[in-house]
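The values are calculated or read from the model by the stated rules, or taken from the named source; none is laboratory data. Source: prediction; values computed, not measured. Glycine gets a Cβ as well: all are built from the backbone with ideal geometry, and neighbour counts include every protein chain shown. Protein only, heavy atoms only, side chains kept; ligands, DNA and RNA dropped before computing areas. Shrake-Rupley method; radii C 1.70, N 1.55, O 1.52, S 1.80 Å.
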Amino acid sequence: MNAAFIQCGDVDRVERELARLVVEKGRRLVTPRQRKTDHRDPMQIGKGDEVCRWGIAGFRGAPGWTAIRTAPFELLMQESSPLLARLAERVGAPAFQYNIHDSSSGLLMESDASGRVELSGYVSHEPREYWNGDPPMDRVEPRFRIIAPSDVAAWAEASRPKARVKVMDSSKENLQTEDPELARWLRDIGAEVDPTEGRLGHYAVWTFHPAHVIRKFAEAGDTGLFLDPDWCVEPAFKTVFGGPNAEHCDNLFMVQTLIPHAPLPVDGFVLYAESKE
């Protein structure tokens, strides 16, 4: 997952400000034809101004939120004055992007309404990226420092009570996790255990509402918990912040829609911006 969200329910306003920002960066807005692509397309693997054409889409997320998808996927996060921060300042609302890298690490960039940026987490294959050095020890775990998610988490819990994410953990024969901190947290949130026997012996699967994951990201300090990015964290962010359009918040949207310039599968906007050179 590499999705951005801004705490503004006015999708048209988000579109206007993004269009102004890319034009101010010296790009021109274009309407390209649909095309065939391959896995080495620059819009997928390139960075920033190395890429001739940018793609940006936006659509309604949870109440009061707009989801933003880009190609390249880190477009909003790059440079010393990232587009994410400039957009947040223009709209006057906090925004964030959360990236999951190689199913093993996460990077969270947040901006408040004044354009101040907070960074936490890291990129597993390039830990110094975005940090200009090793990430500080108190920033290794992604944690919300600007975004206050309690209201959107409560909405998700009330509107989608049956939504579930999973934690799978190796265990002993009594099917109790070997991680006492994880076990304590799972008990506290009322997670339900589903014992299953796998090829490598016993393991246990806990299921619980994704709102608990988002609240955990707002807790101060190092929690010491590892929550599986694929089974737990990614679907939690998509469900809670993506709301009725959660299915469009995964990376297939970039591959299937933005890069081939396909029609949007959801009500919203799409901008393509080309370098003038």
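List every residue pair whose Cβ atoms sit under 8 Å apart, with the two residues 6 or more apart in sequence or on different chains, where the first one lies in the stretch 249-277 and is within 26 Å of residue 10 (Cβ to Cβ) and the second, anywhere, is among the acidic types (Asp, Glu).
250/234; 269/12; 269/15; 271/15
Could you look through the stretch 138-171, keep only residues that are under 17 Å from residue 207 (Cα atoms) and of a type in the set (Asp, Glu), and pick out the one that is most open to solvent (accessible area, probe 1.4 Å)?
The selected residue is 157.
Given the structure, is residue 63 in contact with a strand residue (DSSP E or B) (Cβ under 8 Å, 6 or more places away or on another chain), part of a loop (DSSP other than H, G, I, E, B) and surrounded by fewer than 19 Cβ atoms within 10 Å (Cβ to Cβ)?
Details: in contact with a strand residue (DSSP E or B) (Cβ under 8 Å, 6 or more places away or on another chain): no; part of a loop (DSSP other than H, G, I, E, B): yes; surrounded by fewer than 19 Cβ atoms within 10 Å (Cβ to Cβ): yes.
Answer is no for this residue.
Please find, within the stretch 181-201, the residue that is modelled with the highest pLDDT out of those that are over 17 Å from residue 163 (Cα atoms) and open to solvent by less than 80 Å² (accessible area, probe 1.4 Å).
Among those residues, the one meeting the criterion is 185.
Here's a check for you: in the stretch 202-226, which residue that is hydrophobic (A, V, I, L, M, F, W, C) and modelled with pLDDT under 90 is surrounded by the fewest Cβ atoms within 10 Å (Cβ to Cβ)?
220
Being under 11 Å from the mean Cα position of the chain (by Cα) and of a type in the set (Gly, Ala, Ser) is the filter here; which residues of the stretch 212-245 pass it?
Once the filter is applied, which keeps residues that are under 11 Å from the mean Cα position of the chain (by Cα) and of a type in the set (Gly, Ala, Ser), the stretch 212-245 yields 236, 242.
Here's a check for you: in the stretch 102-146, which residue that is of a type in the set (Gly, Ala, Ser) and more than 15 Å from the chain's Cα centre (by Cα) is farthest from residue 81 (Cα to Cα)?
124
Please enumerate the residues belonging to the stretch 111-126 that are modelled with pLDDT under 85 and either among the hydrophobic types (A, V, I, L, M, F, W, C) or surrounded by fewer than 16 Cβ atoms within 10 Å (Cβ to Cβ) (or both).
Let us first name the residues in the stretch 111-126 that are modelled with pLDDT under 85, namely 122-126.
Correct list: 123, 124, 125, 126.
Given the residues 56, 45, which is the only one that is among the aliphatic types (A, V, I, L, M), under 26 Å from residue 106 (Cβ atoms) and open to solvent by 10 Å² or more (accessible area, probe 1.4 Å)?
Within the list 56, 45, the selection yields 45.
Consider residue 34 against the criteria (1) open to solvent by 50 Å² or more (accessible area, probe 1.4 Å); (2) part of a helix (DSSP H, G or I): it satisfies all of them except one. Which criterion is unmet?
Of (1) open to solvent by 50 Å² or more (accessible area, probe 1.4 Å); (2) part of a helix (DSSP H, G or I), only one is false for residue 34: (2).
Of all residues in the stretch 66-84 being open to solvent by less than 10 Å² (accessible area, probe 1.4 Å) and small (Gly, Ala, Ser), which is farthest from residue 239 (Cα to Cα)?
Across the stretch 66-84, the extreme among qualifying residues is 71.
Quickly run through the stretch 227-246 and pick out the residues that are at pLDDT 95 or above and open to solvent by 50 Å² or more (accessible area, probe 1.4 Å).
The answer is 244, and nothing else.
Report whether or not residue 28 is out of contact with any Leu (no Cβ under 6 Å at 6 or more places or on another chain) and not in a loop (DSSP other than H, G, I, E, B).
yes
Looking at the stretch 1-25, which of the residues that are at pLDDT 95 or above and part of a strand (DSSP E or B) is surrounded by the most Cβ atoms within 10 Å (Cβ to Cβ)?
The selected residue is 6.
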